[in-house]
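Since every read-out is calculated from the coordinates, none of them should be taken as a lab result. Everything numeric here is computed off the predicted structure, so don't read it as measured data. Here Cβ is always computed from backbone atoms with ideal geometry, including for glycine, and neighbour counts include all displayed protein chains.
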Amino acid sequence: MPEIFVNLKRFDISKKLGGLCPFENPIKWIEDVIDKSVQLGLGEMEGLTLTYLLPEGLIPSASRKLADSPKEKTTGIHIGSQGVHWEDVSPGGNFGAFTTSLPASAAKTLGSTWSIIGHSEERKAKMQIIKAYDSENLEKVSVAINNLVNSEVHCALNAGLNVLLCVGESAEERGEGNFAEQKPRIEAVLKTQIISNLNGVGQIQNNKKIVIGYEPIWAIGPGKTPPGKDYISFVSSYIQKVIEENFDFSTIIVYGGGLKEENANMIGSIESIGGGLVALTRFTGDIGFDVPGLKGIIESYPNPSY
């Protein structure tokens, strides 16, 4: 049962203004995306869970459009947020001092059932803020970021959201040398992230799903060489091992380095991988995302139910 996540980054800004949305009105565009997803049968593919991760401003429109569509055609489609704040409102507590931040309760109220947490871009932004204050001790910075990500995971689960938690190693963390020499360093980074980010979640899971997205940060971006099957298999198997040895639940690992039509068959053939994270469907020419392209990726992912 593959879990496919689509992280529609700056699709709340038109291309004319420097974003990625092909429509002048991003709300009309996301409604069109949901319409086409329903029309092309993406919500009816047996065994498929498809989640659109959206900027805050697009969540209500997408949720309404999904709710207004025939239920039998939308079973497998879900809406999620692109993160939540590390604090939340509470009855009798902080009622709303979160200007510019999205509390998990707000994401849930707007229509999200999922949230992506700890994405490499989120971690980078936190790193920039903390380094602006203190750039002397990067190890302490990493600890602080992992603790904040853990708080976000707790807030999301407490609010009733499912969580896609992203982990992964940077080029600096992976270091030089051959793969055998890099393995211990990769394992150390991933183990620290997973144990820190999931600390205490067993007590608050409340039947909510936690999926782990593996991001090879060093391989993401134009001109970068993605990892091969052996590398992804090693990492995803190791993540499963860490979770099994340290927590009271099992989970799905998805490939977060960019699921594409060209690599979907290879990614789907890895036994320890259960899906992937899509960002775009077109990487040259008119760069962007379209639903027929997404359907092509899904159909290229090996699953006998399709």
- Query: Taking the Cα atoms of the range 179-228, what is the range of coordinates along each of the three principal axes, in descending order and whole Å?
  - Reply: 41, 25, 14
- Message: What FRET efficiency comes out for I195 versus Q128 if R0 is 35 angstrom and r is the Cβ-Cβ distance? Round to the nearest 0.05.
- Response: 0.90
- Note on the structure: Taking every DSSP bridge whose two residues both lie in the chain, the antiparallel percent to the nearest 5 is 5
- For N147 paired with Y231, estimate the spin-label separation in nm (one decimal), with each label point 7 Å from Cα along the Cα-to-Cβ line. 3.3
- Message: Per 0.36 nm of contour for each residue apart, how much would the distance between A97 and D290 grow if the chain were fully extended, relative to their Cα-Cα spacing?
- Response: 65.8 nm
- Would you compute the Debye intensity of the chain from its alpha-carbon atoms alone, equal scatterers and no solvent, and pass along log10 I(q)/I(0) at q = 0.09, 0.12, 0.16 Å⁻¹ to two decimals? -0.44, -0.80, -1.49
- Hey, what's the Kirkwood Rh for the range 187-260 if you take every pair of different alpha carbons, in angstrom? 13.4
- Rank the residues L54, L138, L17 as a footprinting-exposure proxy: fewest other Cβ atoms within 10 Å of their Cβ go first. L17, L138, L54
- Item | Where labels lie 7 Å past Cα in the beta-carbon direction, separation of N137 and K16 in nm | 5.1
- Kirkwood-Stokes translational diffusion coefficient of the range 112-210, alpha-carbon pairs, 25 °C, 0.890 mPa s, µm²/s: 169
- What is the extension gain from E24 to I220, computed as 0.36 nm multiplied by their sequence separation minus the C-alpha to C-alpha distance, in nm to one decimal? 67.7 nm
- Item | Shape of the range 144-301, Cα gyration tensor, a/c cut at 1.5 | oblate
- Query: Which whole-Hz ³J(HN,Hα) couplings does the range 42-54 yield from phi under the Karplus relation 6.51 cos²θ - 1.76 cosθ + 1.60, θ = phi - 60°, glycine and proline marked x?
  - Reply: 5, x, 10, 6, 4, x, 9, 10, 10, 10, 8, 9, 10
- Task: Sort the range 79-153 into rounded, prolate or oblate with this rule: let a ≥ b ≥ c be the square roots of the eigenvalues of the Cα gyration tensor; rounded if a/c is under 1.5, and if a/c is not under 1.5, prolate when a/b is larger than b/c, oblate otherwise.
- Result: prolate
- Item | HN-Hα J in Hz across the range 6-21 - Karplus 6.51, -1.76, 1.60, θ = phi - 60°, x for Gly and Pro | 10, 8, 8, 5, 8, 8, 9, 10, 5, 4, 4, 9, x, x, 10, 6
- Computed FRET efficiency, Cβ-Cβ of K36 and E262, R0 25 Å: what is it to the nearest 0.05? 0.65
- Task: In whole Hz, with x marking every Gly and Pro, tabulate ³J(HN,Hα) for the range 247-254 from phi via Karplus 6.51 cos²θ - 1.76 cosθ + 1.60, θ = phi - 60°.
- Result: 9, 9, 8, 9, 8, 9, 10, 10
